[in-house]
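Here is the structure we will look at.
The values are calculated or read from the model by the stated rules, or taken from the named source; none is laboratory data. Computed from a prediction, not measured in an experiment: that's the story for all the values here. Using ideal geometry, Cβ is built from the backbone for each residue, glycine included, and neighbour counts are taken over all protein chains shown.
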Amino acid sequence: MHVATLLKPEMFDVEIDGMAASIAGLFPDWHVHDRFGLVIDEAFGGIGATHLLQAAMTAFYAVRPSRRDIVYPEIYAFHVGRGHGAHAPYDFWPARREVILTTTDPRDVLDAINDRGITRLAVPDRPPAAVEHRPKEGEAAQDRIASAFLYSATGRVAAPDVTITGRDRRTEFNPNQTLRPLARPRPPAEAGRPMPASARPVKEADDSYTRWLVERDGDVSDADRARARSRREDLKQDGLARETYRRIKVEDALLRLAPTGAAG
């Protein structure tokens, strides 16, 4: 639960349409039941949406500050086609918050998004694909989702209208942790000896967290990791990253849930 104490709204500069803005302006009318969803379709792709994701997490805690001591943020990653590397260091935890879809069918992706009740959605910046979603699934998503964004795995989209810049080096903690080579797994707790209650809420002290990182390590290669690290460095000035996004209509986001040419 490090995000609960690591990140604060003042750590980000937000611009919308070239004007200084705020996280509240980025996510209008954020409420206690909002859930952020991130669709990922390439190795470490979600790192390109780092600041948007982190801004959403600060909104989650800001709307009810008492959450900081008790729950992980309601954020969900949807890996399309296969796993694309663990993004759990961002606090996509427990592991059910990283949804590994073995299909590229956009109808299945939308089903997963609807099942989790996502209300704020970020999808990869790619051409829309004609798709007819299952009856009423598209309508349900449009009725519920309040904000939709395009992001790029590179961290910069074409024709952006949103810019988010880190103001504190702690905003780079999560991408740095995600891109670290997997360390030697911590030995599991001894049989019959339960983990101390004080450690249970912290994912890094949970053996299942280590096992999840090991399981997802096979999703990516050393070359994938090097490319993602290079992309991240390209975004930085004085150690801080500047990312861009584009706000889109929900119906347009639903046409970008899987690669062009997938079932539709």
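For the stretch 48-61, the count of residues that are under 19 Å from R120 (Cα atoms), touching a residue at least 40 places away in the same chain (Cβ under 8 Å) and outside any helix (DSSP H, G or I) is zero.
So the check is Cβ under 9 Å with 6+ separation or different chains; which pairs have a first residue in the stretch 160-187 that's more than 17 Å from I47 (Cβ to Cβ) and exposed (fewer than 13 other Cβ atoms within 10 Å of the Cβ) and a second one that's of a type in the set (D, E) and modelled with pLDDT of 95 or more? Here the result reads R167/E10; R167/D13, each pair linking the stretch 160-187 to a residue that is of a type in the set (D, E) and modelled with pLDDT of 95 or more. Just to be sure, is H31 under 24 Å from Y209 (Cβ atoms) and either assigned to a loop (DSSP other than H, G, I, E, B) or at pLDDT 95 or above (or both)? Against the criterion (under 24 Å from Y209 (Cβ atoms) and either assigned to a loop (DSSP other than H, G, I, E, B) or at pLDDT 95 or above (or both)), H31 does not qualify. So which residues in the stretch 251-264 are at pLDDT 95 or above, of a type outside the set (G, A, S) and crowded, with 16+ Cβ neighbours inside 10 Å, if there are any at all? Those that are at pLDDT 95 or above, of a type outside the set (G, A, S) and crowded, with 16+ Cβ neighbours inside 10 Å: L254, L255, R256, L257. Could you please give the count of residues in the stretch 141-166 that are within 20 Å of P9 (Cα to Cα) and acidic (D, E)? The number of residues fulfilling the criteria is 1. Would you say D91 is modelled with pLDDT of 95 or more and in contact with a helix residue (DSSP H, G or I) (Cβ under 7 Å, 6 or more places away or on another chain)? So D91 fits the description; yes.
Given the stretch 63-158, what strands (runs of 3 or more DSSP E) lie entirely inside it while holding 2 or more residues that are buried (at least 20 other Cβ atoms within 10 Å of the Cβ), touching a strand residue (DSSP E or B) at 6+ places or on another chain (Cβ under 6 Å) and of a type in the set (A, V, I, L, M, F, W, C)?
Strands (runs of 3 or more DSSP E) meeting the threshold: 75-79, 120-124, 147-151.
Annotation note: of R246, R227, R216, R242, the sole residue that is basic (K, R), touching a residue at least 60 places away in the same chain (Cβ under 8 Å), in contact with a Pro (Cβ under 8 Å, 6 or more places away or on another chain) and within 23 Å of V123 (Cα to Cα) is R246. Could you look through the stretch 25-57, keep only residues that are under 19 Å from F12 (Cα atoms) and of a type in the set (A, V, I, L, M), and pick out the one that is farthest from the chain's Cα centre (by Cα)? Per the stated criteria, the residue is L26. Contact map, the stretch 126-137: residues that are farther than 24 Å from A153 by Cβ paired with residues that are assigned to a loop (DSSP other than H, G, I, E, B) and modelled with pLDDT of 90 or more, Cβ distance under 8 Å, separation 6+ or inter-chain. Pairs shown: H133/L254.
V39 - would you say it is part of a strand (DSSP E or B) and in contact (Cβ under 8 Å) with a residue 60 or more places away in the chain? Judged against the criteria, V39 is a match. If you go through the stretch 241-250 and keep only what is surrounded by fewer than 17 Cβ atoms within 10 Å (Cβ to Cβ) and either of a type in the set (S, T, Y) or within 13 Å of R167 (Cβ to Cβ) (or both), you end up with just R242.
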